Amino acid sequence: MSPALTTSADALAGPAGKSTSGTPARTSARTPAKTQASAALASALQALRGPFIVADLETTGLSTATCEILEFAAVRVETCGTLAREYTQVVRTSSPVPSFITRLTGITQAEVDRHGVPVMQAFSSFLEFVEDLPVFFHNASFDRRFLGATADRTGLPFVNATHCTLALARRAWPELPSHKLEILARHVGASNPTHRALADVRTTVAVALAANARLATA
């Protein structure tokens, strides 16, 4: 803000955060973190008016430096809350699928060899599917890191607004002991997640819609 555009409250505060009377200036009760969280919540609720995308990634591990996206999935949700279209694609990774990932997701090396496509092709199709719509993930920071790393590797930018259903669930149901997707699925009566991307997306859609309904009436 330009000094010429200071408000009357700024002027009253005087130098070094003190009022002109010499007493400490009153500060806002809202911390920056709370203000940021409230803004993020308002933005997410606005995005849930639709249309929007719910997406999920399966990866070969946790590190973007050494691991890769193994599967993309996304669902487009219309303004009425109906699921309009789905996208899912296994990626032909440059390294073999780790055995613990196969145990967790059910994605085998044979499936990757048979149905996988290069990451450039899968990511391009994913970007085409999501268009410029807001995208929701459960624990979005994880998915954003892998999408960012993939964007850097492929040169295909991912610039969509993203929102986190984990954060929404924590606001909607603070009484729950955990906000893992399987716990939330039971709480809202959705199908159990399976660690396959499309199945988990469908569960996340149900959680997002239920959280939206809960927070809209709070």
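The values are calculated or read from the model by the stated rules, or taken from the named source; none is laboratory data. Quick caveat, the model's predicted, so the values are computed rather than measured. Please note: Cβ atoms are built from the backbone with ideal geometry, for glycine as well, and neighbour counts cover all protein chains shown. Calculation scope for accessible area: heavy atoms of the full protein, side chains included, ligands and nucleic acids excluded. Shrake-Rupley method; radii C 1.70, N 1.55, O 1.52, S 1.80 Å.
Answer yes or no as to whether ALA122 is without any contact (Cβ under 8 Å) to a residue 40 or more places away in the chain and either of a type outside the set (Ser, Thr, Tyr) or open to solvent by less than 60 Å² (accessible area, probe 1.4 Å) (or both). No.
For residues in the range 171-181 being among the aliphatic types (A, V, I, L, M) and not in a loop (DSSP other than H, G, I, E, B), which is least open to solvent (accessible area, probe 1.4 Å)? This residue is ALA172. Applying the condition of being assigned to a helix (DSSP H, G or I) and open to solvent by 50 Å² or more (accessible area, probe 1.4 Å) to the range 187-208 and asking which residue is farthest from LEU57 (Cα to Cα) yields HIS187. Restricting LEU147, LEU184, LEU168 to residues that are open to solvent by less than 20 Å² (accessible area, probe 1.4 Å), under 18 Å from the mean Cα position of the chain (by Cα), within 20 Å of ALA39 (Cβ to Cβ) and at pLDDT 95 or above narrows the list to LEU168.
Among the residues of the range 21-28, is any on the phi > 0 side of the Ramachandran plot, modelled with pLDDT under 95 and open to solvent by 30 Å² or more (accessible area, probe 1.4 Å)? Yes, the range 21-28 contains a residue that is on the phi > 0 side of the Ramachandran plot, modelled with pLDDT under 95 and open to solvent by 30 Å² or more (accessible area, probe 1.4 Å). The residues in the range 144-187 that are in contact with a strand residue (DSSP E or B) (Cβ under 8 Å, 6 or more places away or on another chain) and charged (D, E, K, R) can be counted, and the count is 1.
Looking across the range 36-56, the residues that are polar (S, T, N, Q) and either within 15 Å of PHE137 (Cα to Cα) or modelled with pLDDT under 95 (or both) come down to GLN36, SER38, SER43. Listed by first and then second residue, the pairs linking a residue in the range 134-160 that is under 14 Å from ALA208 (Cβ atoms) to a residue that is part of a loop (DSSP other than H, G, I, E, B) and open to solvent by less than 40 Å² (accessible area, probe 1.4 Å), with Cβ atoms under 7 Å apart and 6 or more places separating them unless they lie on different chains, are PRO134/ASN160; VAL135/ASN160. Within the range 161-178, the only residue that satisfies the criterion of being farther than 16 Å from ALA42 by Cβ, in contact (Cβ under 8 Å) with a residue 12 or more places away in the chain and out of contact with any Leu (no Cβ under 8 Å at 6 or more places or on another chain) is LEU166. Taking the criterion of being within 11 Å of LEU168 (Cβ to Cβ) and either among the polar types (S, T, N, Q) or in contact (Cβ under 8 Å) with a residue 60 or more places away in the chain (or both), the residues of the range 198-218 that qualify are THR204, VAL207, ALA208, LEU209, ASN212, LEU215. Taking into account only those residues within the range 34-64 that are among the hydroxyl-bearing types (Ser, Thr, Tyr) and part of a loop (DSSP other than H, G, I, E, B), which is farthest from SER99 (Cα to Cα)? Result: THR64.
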